[in-house]
Structure formats: C-alpha cells, structure tokens
Amino acid sequence: MKARIRDAATAVTAVSTAVVLSACGADDASDDASGGSDATTIGLLLPDSTTARWETQDRLLLEREIKDRCADCEVEHGNAKGEVAAQQEQMDSMITRGVDSIVLVSVDSRALAGSVAKAADAGIPVIAYDRLAEGPISGYVSFDGEEVGRLQGQALLTAMGESTDDSQIVMMNGDLSDPNAVAFKKGALSVLQGKVKIGKEYDTAQWRTETAHMNMSSAIASLGAESIDGVYAANDGLAAGSIAALKANKVDPLPPITGQDAELRAVQRIVTGDQYMTVYKPFAPEASAGAAMAVAAARGDSLDEVATDTVTADGRTVPAVMLTPVPVTAGTIEDTLVKDGAYTVEQICTPAVQAACERVGLT
C-alpha cells in the first residue's frame, strides 16, 4: 500500500488544480512537479508515437478521467518513442520525483521488469495499461489479447471464402517483446492453423509501419504476388505498411488484410476496400478503468473495488479489468465506431472517400 498518503487535514484544505500536461518525456517535466506540491501526482508512461492511439486517444482520455476523479491530481506524461532505455530513464525519474502511482504501457515488458520492481520498492504502485508488464504490478487494464487474434483470424477466413485449404497467407505479427503481440499471434494461429498455408511470417520490431512494408515486399518477391490470398496484420500500422508494399508491387485487387486499433485512416481504408477489417478496442472504458485504478492506487485504496477480474503476474494474483474487443468491417462501422462516438461520419467520409462511403451506405 502506498505509504505517502496525505493526512486528513491536507486532503480537506487541498486546492483543486488542473491536470498538468507534460508535452514531452518525463525528462522535460518540471523538477518540482511533485516534490514541492501537495497535489497527488500520477505518472503516465506511453511506449511510442508510431501507434496513433497512444497520444491521440489514450493519453487525452486518461488525463481527463484522472482529473474527473481527482481534482487535485497532477499527471506527469512521458513517451519513450519506442526506446527501452528512454522508458527506463522515465521510470527512474518518476521514482525519484516520488509520484503516487504510475500508469505504464511498457515498450518491452521484460526489460521494464526491473523498473517496476524499483517502483514497488519505493512504495509506488504501477498499473499496467493495455500491455501486461512483468514485475510486481499492482493492477492491470486491457482487452483479451487472444480474443483479438481469434477475431482477426476468423475475419480473414471469412474474407477469403469457405474453401481455404489451398489458400496461402502472410502473417505480419507485432513486436513479440509486447505480451499483447504474443497473445494476438496465439489467438490468430488457433483459428488459422490447419485452415490455410502460412507462406511467410514476420515478427515486426517496435510495430513499425516501414518494417511491415519491407517485410511484405520481401514476401511478394519470395512467394509471388498472385499466390498471396490474405494478410494477417496484427494492427492497423502493420496493415498500412503491408498495403503500401502491395500497391507498390502493382497487386490488384488487394488480398483481404486485417488490422487492429480502429485508427481513422484504417477505417477509411476499410471504406475504400483496401483493408478488410480492424479490431475496435473501445478506448473510453479502458481509460476509465485505468484512471480509476491509478487514482485508487495513488490514494492507497484497494483496487478490488475497481477490478472485475484478476490475472496472474509475477507469480501473484493481480486485480484486473478485462474488456471485450469488437471486430469492425465496412458494414459495421456505423453500428460500432459511429454509434460509440469514436468517429463521426463526417470525420470518416472526407471528400477523398465520400464516394466509397456512399457505396457502403455510410452517409
């Protein structure tokens, strides 16, 4: 339990403040952010800026949800930009500053285990967000990763048609230092193995779009464009790189391609037919649960009141919130993303894709 909990008199007299947003990494934040203030301080460490959701969705939602639950809370934000060493330094900085809790989306869960242990030794609870971190975490919020992979695999089979025995696919997996990528791959293979031939398979370091482009170009050169019947892409960034490579190699029509994260550009690619599907992981409920855990942990409250599930991490049972992913294809955009308020029709149907929107009934 967190040792540095403010006494009742301080809590009653605390002046409400706005959430402090640090635009860059923890090393850019004010040295006096927590040490010279009575405000509760929560660290928010994101893994990269390659995947659009971290800065455009999760960060904004988490900051807002934390503020809603804790008017005197300050948020110290850092983005590791895909670098393990940078995130380790940011963790060390948060520990030195004496923040009250940390929300961590780890770049490399194994590499960050030592940093999580340091935080625990300092009495700072760490909430693993979206990716299960190694080490003595206090709570975990995410989606069922294997189910994400199963949804992607099943969608790919559906898109390729009933008879897939002779079909060949390319698998563009994520970065296997991310436990989620391992789960996605496992879930996808549980559906795809025995149903299709896996012609080429790649594990994409740091989820980089350009690496997916390079790997898909290699697959085309090795297998022949005409023999690729489908592409399993673990997220929308990898789908984008794969699609760019296929187009650069004059592949027409494109084979069905999966994705994940429901990025706006991916949704537009689904509308135009370049990408077959994505997996929508509603960011608002995930951020709400993550913020609730972070605030409760910072105050020294039990996370059991927030948790709806448990997971095993570092040999311990950890309170968790596990949410349900949603598959999205052209025909379900309106009933999922638009209905939930993730995007408006106007945001999706820009002039460049307006005609395609009309074809799929999204108007």
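The numbers here are math on the coordinates, done by the rules we state, and not lab data. A quick note: this is a predicted structure, and the numbers were derived from the prediction, not measured. As a convention, Cβ positions derive from the backbone with ideal geometry for all residues, glycine included, and neighbour counts pool all protein chains shown.
What to note about this one:
- Other residues whose C-beta falls under 13 angstrom from the C-beta of Ser109 contribute a net charge of -4, scoring Lys and Arg +1 and Asp and Glu -1.
- Charge-dipole axis of region 49-95 as Lys and Arg at +1 and Asp and Glu at -1 on Cβ define it, positive-most pick from Ala52, Gly78, Met91: Ala52
- Linear extension gain, Thr317 paired with Lys250, 0.36 nm per residue minus alpha-carbon span: 19.0 nm
- Glu334-Lys195 pseudo-label distance in nm [points 7 Å out on the Cα-to-Cβ vector]: 2.8 nm
- With an a/c value of 1.5 or above and a/b larger than b/c for the gyration tensor axes a ≥ b ≥ c computed over the alpha-carbon atoms, region 241-341 is described as prolate.
- In a reduced charge model with +1 at each Lys and Arg Cβ and -1 at each Asp and Glu Cβ, the chain shows a dipole moment near 480 debye about its Cα centre.
- FRET E, pair Ala117, Met214, Förster distance 51 Å, beta-carbon r, rounded to 0.05: 0.90
- Rounded to the nearest 0.05, the FRET efficiency derived from the C-beta distance between Gln354 and Ala85 at R0 = 51 Å is 0.65.
- Centre-to-centre separation between the Cα atoms of region 160-222 and those of region 291-352: 25 Å.
- Within the shell of other residues whose beta carbon sits under 13 angstrom from the beta carbon of Thr51, the net charge comes to -2, with Lys and Arg scored +1 and Asp and Glu -1.
- Cα shape, region 139-207, gyration tensor, a/c 1.5 rule: oblate
- Our estimate of slack between Thr324 and Glu346, defined as 0.36 nm per intervening residue step minus the Cα-Cα distance, is 5.3 nm.
- Global geometry of region 199-264, whether rounded, prolate or oblate, following the gyration tensor of its Cα atoms and the 1.5 cut on a/c: prolate
- Dipole magnitude (debye, nearest 20) for region 49-178, charges at Cβ of Lys, Arg, Asp, Glu: 280 debye
- In whole angstrom, region 169-225 maps to an equivalent ellipsoid with semi-axes of 19, 17, 5, each derived as √(5λ) from the alpha carbon gyration tensor and ordered largest first.
- Mean-position separation - Cα centroids, region 132-147 and region 46-92, in angstrom: 17 Å
- Think of the chain as having a plus end and a minus end, set by charges on the Cβ of Lys, Arg, Asp and Glu; of Ser302, Met160, Val321, Met160 sits farthest toward the positive end of this dipole.
- Dividing the convex hull volume of the alpha-carbon atoms in the chain by its residue count gives 137 Å³ per residue.
- Estimated distance in nm for a label pair at Thr310 and Arg265, the labels positioned 7 Å out from Cα along Cα-to-Cβ: 4.3 nm
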